[in-house]
Each structure stands twice: as C-alpha cells, then as structure tokens.
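No value in this document is a laboratory result; all are computed from the given coordinates. Computed from a predicted model, the values in this text were never measured in an experiment. In this analysis, Cβ positions are derived from the backbone assuming ideal geometry, glycine residues included, and neighbour counts consider all displayed protein chains.
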Amino acid sequence: MKILVLNGPNINMLGIREPGIYGKSSFADLLALLEETAKAEGLEIEQYQSNHEGDLVDKIQQAYGKVDGIVINPAAYTHTSVAILDALKAVSIPAVEVHISNVDAREAFRQISYPGMACVHTIKGQGLDGYRQAILWLRDHLSR
Ligand code: DQA
C-alpha cells in the first residue's frame, strides 16, 4: 500500500514557527515519524512539502494511478484553496486531512476547509502524532 503525505506552506518551519501552537518538534522529527510509521506498518510512504499551491496541485495530479491514499496538511491553503479541493476530487484518491493544531479553537478564518470537503476523514489538534493516526486510519479504510 502506497501513501503520499503532503504538507503545505510553513510546515517545513516546524520547531521554529509558533512553538506554543505547533510544538517544539522540527520538520526533521516529522519526517522521522513518517519513516518509523512506514517501517512499523509495512507501508510505502512518500512525503512532499511545498510552499506553493500549484506544486501541491501538480503532486496530487501526479499521484493519479500511482498512490492508494493521501494524507494532507494543506496548512494555510486549507482555508483558501479551491484548486487543491478540485485536484483531490479530480484524482478521487481517498484522502485524510491533518492539522497539527486544533483549528476549531482558533480564528474564525480557520474554520473553513476547502480541501477537507474532498477528504474522507480529518484529524486535528493531535500534534505530530496526528500524521501517524491519519496514516493508520487511511490504512484501515483502504483495507476495508
Ligand atoms: C495548520 C493550521 C492552519 O490554519 C495553518 O495555516 C497552518 C497549519 C495545522 O497544522 O494546524 O499552517 O494546518
């Protein structure tokens, strides 16, 4: 089973960026967690991070026919990107949305998620462990 983990803008700044909200773990720690999860669960995990909306759209399109599931943290594009929503709908690959912080308890503009409208599940407010939870949820969903 192949899972693509996509991260949007500023996720590469984890550990530096607003540690009171996103925690002290770094982006390298997140990559290590993904590798550990892949090994422990016998999954093939590819990860990709970009600060650019079109790059994320390209990556979703390229996943068509090659990937079984997508875990995506669109970051700030969560609240603006109809393009990422449409890309997820275009490829119809089951996707789980992840947010490190609990967006529900934050500003009003974070309450809408466009890509989330094409996702089968969302995990919020679990810190980096949310990615592991999303991968396991997706694995179970795809095995059903
Ligand atoms: C985020 C929440 C978004 O509102 C924010 O723009 C991010 C990160 C999260 O993981 O909690 O960049 O997606």
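When the residues of the range 7-17 are narrowed to those that are within 20 Å of CYS119 (Cα to Cα) and in contact with a helix residue (DSSP H, G or I) (Cβ under 6 Å, 6 or more places away or on another chain), which ends up surrounded by the most Cβ atoms within 10 Å (Cβ to Cβ)?
The residue in question is GLY8.
Tell me whether the range 87-102 contains one or more residues that are small (Gly, Ala, Ser), closer than 27 Å to ASP29 by Cβ and assigned to a helix (DSSP H, G or I). Within the range 87-102, none of the residues are small (Gly, Ala, Ser), closer than 27 Å to ASP29 by Cβ and assigned to a helix (DSSP H, G or I). On the stretch given as the range 1-12, residues that are within 13 Å of the ligand (Cβ to nearest atom) and in a loop (DSSP other than H, G, I, E, B) total 3. In the range 120-143, the residues that are among the aromatic types (Phe, Trp, Tyr) form Cβ pairs under 7 Å with partners that are assigned to a helix (DSSP H, G or I), at six or more places apart or across chains, as follows: TYR131/LEU30; TYR131/LEU33; TYR131/LEU34. Annotation note: of GLY20, GLY42, GLY54, GLY15, the sole residue that is more than 15 Å from the chain's Cα centre (by Cα), within 24 Å of LEU85 (Cβ to Cβ) and away from the ligand (no atom under 11 Å from the Cβ) is GLY54. None of ALA134, ALA83 is in a helix (DSSP H, G or I), away from the ligand (no atom under 12 Å from the Cβ) and either over 22 Å from LEU14 (Cα atoms) or not hydroxyl-bearing (Ser, Thr, Tyr) (or both) except ALA83.
Every residue, every condition in (1) away from the ligand (no atom under 11 Å from the Cβ); (2) surrounded by 15 or more Cβ atoms within 10 Å (Cβ to Cβ); (3) within 14 Å of the chain's Cα centre (by Cα), yes or no:
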residue: GLN61; (1), (2), (3): yes, no, no
residue: VAL71; (1), (2), (3): yes, yes, yes
residue: ALA95; (1), (2), (3): yes, yes, yes
residue: CYS119; (1), (2), (3): yes, yes, yes
residue: GLN126; (1), (2), (3): no, yes, yes
residue: SER143; (1), (2), (3): yes, no, no
